[in-house]
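Engineer: Have a look at this one.
Readers should treat all values here as calculations from the given coordinates under stated rules, not as data from a laboratory. Source: prediction; values computed, not measured. Virtual Cβ from ideal backbone geometry, glycine too; neighbours counted across all protein chains shown.
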Ligand SMILES: NC(=O)c1ccc[n+]([C@@H]2O[C@H](COP(=O)([O-])OP(=O)(O)OC[C@H]3O[C@@H](n4cnc5c(N)ncnc54)[C@H](O)[C@@H]3O)[C@@H](O)[C@H]2O)c1
């Protein structure tokens with residue numbers, strides 16, 4: 001891609017699900033995304049906008065070289081491990097990649113005078129949600145991560161905040177709720193392996209390409225007994241990153257902002273929406289609750305509007321499911337549950 005005079009933005013983890021959608025949004029906004037990714041869970045085919053640098057965030061020298069080569073003065077940091085369950089059995093790995101990796105990245109950023117950082121944080125920093133079961137969660141709610149994964153996200157927030165104070169970086173940590181959907185182009189979409197997220201699993205079950213879905217508990221204190229979550233379309237999430245990159249902040253400022261819709265959808269509503277979109281019911285059964293699953297995790301999304309001027313525009317559940325279904329029916333990459341011919345990822 002011809003760079004011209006477009007400002008470069010280093011996008012760590014930009015070959016992954018949310019990073020690829022954000023790289024597209026950056027490109028559409030006139031930036032030159034420089035994807036820096038180890039391809040440990042991402043896909044080379046997902047890097048279609050800007051440049052690609054194959055590297056590991058734990059390698060501060062490689063990050064510094066990439067910043068130098070493209071003259072990037074801002075970084076959007078997605079790279080890391082994401083599976084909550086795996087973090088319980090491999091906490092050391094999560095601290096090494098998510099936390100030590102972020103230390104290395106910050107070192108390179110400080111050396112190269114990076115001025116703005118946007119960090120992928122998570123609703124996992126709130127743990128059980130803290131307050132009354134069905135209330136939305138504001139940024140000031142108690143932080144009590146319920147997993148080593150959530151611990152690493154909170155630790156990174158603290159470290160980034162301290163780095164802002166010490167060195168004059170300005171940063172926004174975006175605490176995502178449940179990212180879902182896919183770009184309508186069909187070029188990029190969700191391709192986690194293993195997939196643990198509800199919407200792709202429900203779609204795979206509806207398409208007969210995975211075993212029937214298990215709904216974990218229908219005896220919660222929620223309107224239909226199943227858990228409530230806040231689903232945010234990945235393109236709305238991508239737009240929030242662009243807004244966080246551009247928001248005026250003084251040097252040294254750190255902001256943590258929820259990115260969600262403020263509206264909860266139950267597991268049963270998701271199952272019904274997938275059934276409607278697929279034109280056939282989702283085969284499913286109700287199982288026991290999973291340990292630690294809070295009944296409701298829904299954002300108070302007012303701060304994102306106030307600070308970033310951001311609001312979701314495509315996060316209606318039926319829209320999310322329609323876009324996810326289009327992708328899942330014909331994914332452009334990912335070995336996935338179905339395709340045998342889609343693992344075209346180059347050896348790393
Ligand atoms: N998907 C969600 O619903 C969700 C919710 C909250 C927060 N997040 C956070 O958003 C970020 C992106 O999530 P995603 O769903 O796109 O995950 P993903 O696995 O699709 O993307 C992560 C990317 O990081 C890369 N990566 C991993 N370790 C690396 C390393 N050491 N060096 C360089 N690259 C490395 C992977 O190859 C991959 O491309 C993660 O930090 C995750 O914790 C995601």
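Engineer: Which of rounded, prolate, oblate describes the stretch 119-193, given a ≥ b ≥ c as roots of the alpha-carbon gyration tensor eigenvalues and a/c under 1.5 marking rounded, otherwise prolate only if a/b is larger than b/c?
Structural biologist: Since a/c reaches 1.5 but b/c is at least a/b, the shape of the stretch 119-193 is classed as oblate.
Engineer: Something else: Among the DSSP beta bridges whose two residues both lie in the chain, what percent are antiparallel, rounded to the nearest 5?
Structural biologist: Roughly 5 percent of the DSSP beta bridges within the chain come out antiparallel.
Engineer: Could you order peptides 16-25, 198-207, 228-237 by the average number of other Cβ atoms within 10 Å of their residues, highest first?
Structural biologist: 16-25, 228-237, 198-207
Engineer: What is the angle, in °, between the Cα long axis of helix 234-246 and the longest principal axis of the Cα atoms in the chain? Nearest 10 is fine, range 0 to 90.
Structural biologist: 30 degrees
Engineer: Let me know the shape class of the stretch 8-329, please: from the alpha-carbon gyration tensor, a ≥ b ≥ c as square roots of the eigenvalues, rounded when a/c is under 1.5, otherwise prolate if a/b is greater than b/c, or oblate.
Structural biologist: Prolate shape, in that a/c is at least 1.5 and a/b is the bigger ratio.
Engineer: At a temperature of 10 °C and a viscosity of 1.306 mPa s, determine how fast the stretch 217-299 diffuses translationally according to Stokes-Einstein, using the Kirkwood radius over alpha-carbon pairs as Rh; express D in µm²/s, rounded to the nearest whole number.
Structural biologist: The calculation lands on 103 µm²/s.
Engineer: Using the alpha-carbon centroid of each, what span in Å lies between the stretch 73-102 and the stretch 180-234?
Structural biologist: 22 Å
Engineer: Shifting gears a bit: If packing is taken as the average count of other Cβ atoms within 10 Å, what order do 162-175, 209-222 fall into, highest mean first?
Structural biologist: Ranking, from highest mean packing down: 162-175, 209-222.
Engineer: Between the helical axis of 267-278 and the dominant principal axis of the chain, each derived from Cα atoms, what acute angle in degrees is found, rounded to the nearest 10?
Structural biologist: Between the helix axis and the principal axis of the chain, the angle is about 90 degrees.
Engineer: Please report the relative contact order for the stretch 8-329, taking Cα pairs under 8 Å with a sequence separation of at least 6, and give it as a percent rounded to a whole number.
Structural biologist: Value for the stretch 8-329: 19 percent.
Engineer: Further question: Would you mind calculating the relative contact order of the stretch 1-42 from Cα pairs under 8 angstrom and at least 6 residues apart, reporting the percent as a whole number?
Structural biologist: RCO, the stretch 1-42: 49 percent.
Engineer: When ranked by the protection proxy of mean other Cβ atoms within 10 Å per residue, highest first, what sequence do the peptides 301-308, 319-326 form?
Structural biologist: For the peptides 301-308, 319-326, the packing ranking is 319-326, 301-308.
Engineer: Now a separate question. How tilted is helix 317-329 with respect to the longest principal axis of the chain? Cα atoms for both, answer in degrees (0 to 90, nearest 10).
Structural biologist: Rounded to the nearest ten degrees, it is 80.
Engineer: At 222 nm, what helix-only mean residue ellipticity would the chain give, in deg cm²/dmol to the nearest 500, using -39500 (n - 2.57) for each DSSP H run of four or more?
Structural biologist: It lands at -10000 deg cm²/dmol.
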